[in-house]
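**Q** Input: one structure, supplied below.
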Amino acid sequence: MTEGTGDRLLIRGGSRLSGSVAVHSAKNAVLPLLAAALLTRETLHLRAVPALADVTTMRALLGELGAELREPAPGELQVRCVDVAGEAPYALVRQMRASLLVMGPLLARLGRVRAGLPGGCAIGGRPIDLHLKGFAALGAEVSLRAGYVEARAPAGLHGARIYLDYPSHTGTENLMLAAVLAHGQTLIENAAEEPEIVDLAGCLNAMGARVSGAGTPVVRVDGVPALGAVDWTPIPDRIEAGTLLIATAATRGEVELTGVVAHHLQAVVAKLRETGAEVWQEQGRVFLVARRRPAAVDVKTLPYPGFPTDLQPQMTALLATAEGIAAVTETVFDNRLGHVDELRRMGANIRVEGRTALVTGVPRLSGAPVQASDLRAGAALVLAGLAAAGETEVHGRGHIERGYADLPAQLRSLGADIEAGPGRVAEPARTLGGGA
Ligand code: UD1
């Protein structure tokens, strides 16, 4: 992505966040739900669709594949796929890896699919072998040619027992999406257990599918001949919620989040409590009060219900001003500590050893021009800027807008001094890549 001069956020640090804010629907729920529209000729009606760049990309991809898209009201989307094409162009897959989620439904519906292979990206290698092995187990012939992956199952897919070597989140979703129209029963073992997978299963079942066990390590799918229309509201974004909680802790503030599912936030809430913040919840709301400098805590990212990798950069930013030394270990992705160099430019004391960042807390960060290398790294730099003394310019705002519907507005409503647009400090030279 090329950065324009306006592609930045300007933050004047020092305000304590305080107030109440509503959380949007989850990016990682909406993307697979949109892909599910490809499974049927009937209409998928989604409500509370967040205004995200990744949603725009998925809409463009669906349009390219032949979907009719309508917006009957703000935040609502109707998708109808009467006829669909079987090719996901590289230009769109390159922009967003989650584009691969159209592969399962297209293979199920058409018996063939061709998709551009995503390259490496800013947070590590990210192969798709588990998706492809699963398609092969379901009876597809899979081949790679000229940067494209092709899967064919002229006689249709058949149920199979699939063991995932790693509980891949979108891998589990892609295989569920492929298996719902297959002949017979599919078992996905060592499946990912993320709440977004449970949401997708719920929507598929409302369309007439027979999926059980979502949210556990074994997902069972009994194939059905066809799926029908559905009206669905996706779950709230646990990563956006976690980001806002961590931001509040970083500024020693107090916040009420509304429209959340508290048990989706268990890992981050447990860690924030360990830092000394008070966190409590009641009926769709979570409250956090952080009065003191946080205590250092060790964090290790893991598949759900472990601590989410998508909150690791933000947590690292918080721990940069904690009291003591924290070890932050990234186990999900092989190269997701890109924000560390930028945090150091703001005065953080962090040493990287392999996949672990050893963070020695300093009393205060200081504002600086910094570069977001991906979506969550960008969020981490915003948080660091809120807690820092002076001005911070976060370049690469486009990355943040991929996955946060309007983070600056949410933070402003809590009292932060943050605005978009051209800044005053010289732009640091960096190259960029994609991200989660
Ligand atoms: C999803 C989320 C992303 C989040 C990630 C981990 C969406 C749209 N994105 O991404 O926000 O950061 O889960 O929680 O929901 N792997 C393989 N082979 C594969 C697939 C994955 O080796 O075929 C590896 C990856 O390289 C990575 C690990 O498995 O190291 C986890 O990846 P995965 O769970 O698949 O992440 P995504 O589904 O891409």
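The values are calculated or read from the model by the stated rules, or taken from the named source; none is laboratory data. The model shown is predicted, which means the values in this text are computed figures rather than measured ones. Cβ atoms come from the backbone with ideal geometry, glycine included; neighbour counts cover every protein chain shown. Protein only, heavy atoms only, side chains kept; ligands, DNA and RNA dropped before computing areas. Shrake-Rupley method; radii C 1.70, N 1.55, O 1.52, S 1.80 Å.
**Q** Sequence gap at least 6, Cα distance under 8 Å: using those rules, report the relative contact order of the chain to the nearest whole percent.
**A** Details: 1112 pairs, mean separation 94.4, N = 436.
So the answer I get is 22 percent.
**Q** Here is a further query. How large is the helix-only mean residue ellipticity at 222 nm for the chain, computed as the sum of -39500 (n - 2.57) over DSSP H runs with n ≥ 4, divided by its residue count, in deg cm²/dmol to the nearest 500?
**A** Helices in the chain give a 222 nm mean residue ellipticity of -8500 deg cm²/dmol.
**Q** In nm, what is the difference between 0.36 nm times the number of residues separating Tyr166 and Arg364 and their Cα-Cα distance?
**A** Numbers: separation 198, 0.36 × 198 = 71.28 nm, distance 3.89 nm.
Going from the current span to full extension adds 67.4 nm.
**Q** If we count every other residue with Cβ under 14 angstrom of Leu117's Cβ, Lys/Arg +1 and Asp/Glu -1, where does the sum land?
**A** Every neighbour counted, the sum reads +2.
**Q** For Arg285 and Asp231, compute 0.36 nm times the residue count separating them, minus their Cα-Cα distance, and round to one decimal in nm.
**A** Working: separation 54, 0.36 × 54 = 19.44 nm, distance 2.46 nm.
Additional length available on full extension: 17.0 nm.
**Q** Please compute the alpha carbon radius of gyration of the chain, then divide it by the globular-protein estimate 2.2 N^0.38 Å. Two decimals is fine. Walk me through the numbers before you get to the answer.
**A** On the way: Rg = 21.4 Å, N = 436, 2.2 N^0.38 = 22.2 Å.
The chain yields a ratio of 0.97.
**Q** A further question on this structure: Between the alpha-carbon centers of the range 24-58 and the range 245-281, tell me the distance in whole angstrom.
**A** 27 Å
**Q** Still on this model: Kindly identify the range 27-232 as rounded, prolate or oblate by the Cα gyration tensor criterion: order the square roots of the eigenvalues as a ≥ b ≥ c, call it rounded if a/c is under 1.5, otherwise compare a/b with b/c, prolate if a/b is larger, else oblate.
**A** Working: a/c = 1.31, a/b = 1.12, b/c = 1.17.
Cα axes put the range 27-232 in the rounded bin.
**Q** Net charge around Arg97, counting only other residues with Cβ within less than 12 Å of its Cβ (Lys, Arg = +1; Asp, Glu = -1)? Numbers along the way, then the final one.
**A** Details: positive: Arg94, Arg126, Arg402; negative: Asp54, Asp374.
Within the 12 Å Cβ shell, the charges total +1.
**Q** Taking only C-alpha pairs under 8 Å that are 6+ residues apart, what is the relative contact order of the range 245-374 in percent? Don't jump to the answer; show the numbers that get you there.
**A** Values: 251 pairs, mean separation 27.0, N = 130.
Relative CO of the range 245-374 lands at 21 percent.
**Q** In the full protein assembly as shown, how much of Ser18 is accessible to a 1.4 Å probe, in Å² to the nearest 10?
**A** Here the accessible area works out near 60 Å².
**Q** Can you work out the accessible area per residue across the chain, with the rest of the protein chains kept in place, probe 1.4 Å, in square angstrom?
**A** Details: 16010 Å² over 436 residues.
I get 37 Å² per residue for this part.
**Q** Here is a follow-up. Is the C-alpha gyration tensor of the range 122-234 telling us rounded, prolate or oblate? Criteria: a/c under 1.5 is rounded; beyond that, a/b larger than b/c is prolate, otherwise oblate.
**A** oblate
**Q** Quote the relative contact order of the range 27-232 in percent (integer), defining contacts as alpha-carbon pairs under 8 Å separated by 6+ residues. Could you put the intermediate results ahead of the total?
**A** On the way: 466 pairs, mean separation 41.9, N = 206.
Reported as a whole number, the value is 20 percent.
**Q** How would you classify the range 256-336 from its alpha-carbon gyration tensor, with a ≥ b ≥ c the square roots of the eigenvalues: rounded for a/c under 1.5, else prolate if a/b is greater than b/c, otherwise oblate?
**A** Details: a/c = 2.42, a/b = 1.22, b/c = 1.99.
Verdict is oblate for the range 256-336.
**Q** Could you work out how far the C-alpha centroid of the range 327-400 sits from that of the range 161-219, in angstrom?
**A** Measuring centre to centre over Cα atoms gives 34 Å.
**Q** What accessible area, in Å² to the nearest ten, does a 1.4 Å probe give for Lys300?
**A** Probe radius 1.4 Å; accessible area of Lys300 about 120 Å².
**Q** In addition: Restrict the search to the range 30-83; then list the GluC sites (Glu not before Pro) that DSSP places in a loop and that have at most 15 other Cβ atoms within 10 Å of their Cβ.
**A** Values: sites: Glu42, Glu64, Glu68, Glu76; in loops: Glu42, Glu76.
Passing both the DSSP loop test and the Cβ count: Glu76.
**Q** Could you compute how much accessible surface Arg210 exposes when probed at 1.4 Å, giving the result in Å² to the nearest 10?
**A** 140 Å²
**Q** Given a 1.4 angstrom probe, I'd like the percentage of the accessible area of the range 27-232 that is carbon and sulfur, rounded to a whole number.
**A** 51 percent
**Q** Also: Summing Lys, Arg as +1 and Asp, Glu as -1, what charge do residues with Cβ under 13 Å from the Cβ of Asp334 carry, Asp334 excluded? Intermediate values should be presented prior to the final figure.
**A** Working: positive: Arg126, Arg336, Arg355; negative: Glu330.
Here the charged neighbours net out to +2.
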